[in-house]
Amino acid sequence: MAPRTVSRVVNDEGGYSQATRQRILDAIEELGYRPNLLARGLITRRSGTVGLVVRNLADPLVLALAASAQDSFREQGRSMFFASSDDDADRQGAVLQSLWSHAVEGMIVIPVRDSSPQLADYSRRGLPIVAVGSLVEARNATGVMFDLDAGFRLAVRHLLDTGRRSIGMIGSVSSSYALCPGEEDKDGTFGAGAGSQMVRVQPTVEGGAAGLEQLLELKPDLDAILACNDLVAIGAVGAARARGRRVPEDIGVIGCNDIEPAGFVTPSLTTIRLDAGLFAAAVAAALQGLIDEPGEQRDPVVLPVELVVRDSA
């Protein structure tokens, strides 16, 4: 049997009789042949795999997004490689190179801060990339993000409407994003609330506690906290109570993400809800669009958010 005929049968390319196809399939089964999907993918870039690269694995939202994304790609008939950059640009570069060498059809990346040029390099090679919460100005790339501007404005408005006037904002050192962007003054204060101020910490429970301590040193009259995620908010609540500040009576606290524990901690956490299922579907659709129409530069997808009011504010 000619090798080219065998190849056409293995790759389902047609151009052979049913009898020939059956003889080759019988021989494949008898010999226990397994096609080299990696080698095939390196040639065709159709490996049936995609990559998901995140900054870290400490945030419960990341794990929820990964699980939902995996379900979405499974429906497309694709497998997903999952890796962490540990919030390090060099590590992210090594992960991207590894996934590229494994012929993934596309990548979803929650990028390290200021790493858009790194992503653009791979998109220019022809690799479709969906950046989460970030813009990549290149062909074969797009972004998917939540409308955090609207979410944080809803949160600030809620705090002001409930009588808060000295608002502290705890951002992440991993992100250049400013809560209530466009309103940060040179001295770090915000026009959204009288006397509001921002500090940046690690996006963890411990970071939230440290952020609360920093803000109280800067503004002893602090009466509200807006946190970059729910873990930071939970840490801020604990630190405030350890200082003898009641939540929400003395300090109102609002988080972001609406992770599962947010509704079970005491007091239950008021937060900006980011829908993991909606996100995963949007990411999968955006990546599929780039794969189907290579070379395109698509407008970013901006997803809606909502403020979930509970007991902490």
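Placing +1 on the Cβ of each Lys and Arg and -1 on the Cβ of each Asp and Glu in region 196-313, which of Val283, Ala239, Pro304 has its Cα farthest towards the positive end of the resulting dipole?
It is Ala239, whose Cα lies furthest towards the positive end.
Enter the Cα centre distance for the pair region 133-159 and region 264-312, rounded to the nearest angstrom.
9
Indicate, rounded to the nearest 5 percent, the antiparallel portion of the DSSP beta bridges found entirely in region 200-313.
Antiparallel: roughly 30 percent of the beta bridges in region 200-313.
Multiplying the sequence separation of Glu260 and Ala242 by 0.36 nm and subtracting their Cα-Cα distance, what value in nm do you get? Walk me through the numbers before you get to the answer.
Values: separation 18, 0.36 × 18 = 6.48 nm, distance 2.38 nm.
Contour length minus Cα-Cα distance gives 4.1 nm.
Restrict the search to region 95-156; then list the trypsin sites (Lys or Arg not before Pro) that DSSP places in a loop and that have at most 15 other Cβ atoms within 10 Å of their Cβ. Intermediate results must be reported in sequence, preceding the final value.
Numbers: sites: Arg113, Arg124, Arg125, Arg139, Arg153; in loops: Arg113, Arg125, Arg139.
Answer by residue number: Arg113, Arg125.
Can you tell me how much longer the chain between Leu160 and Glu293 gets when fully stretched, taken as 0.36 nm per residue apart minus their C-alpha distance, in nm with one decimal?
Extending this stretch completely gives an extra 43.2 nm.
Given axes a ≥ b ≥ c from the Cα gyration tensor, I'd like to know whether region 48-134 is rounded (a/c under 1.5), prolate (a/b larger than b/c) or oblate.
The shape class here is oblate.
Every number in this text was worked out from the coordinates using simple rules, so none of it is lab data. Note that this is a predicted model, so its numbers are computed, not measured. Cβ atoms come from the backbone with ideal geometry, glycine included; neighbour counts cover every protein chain shown.
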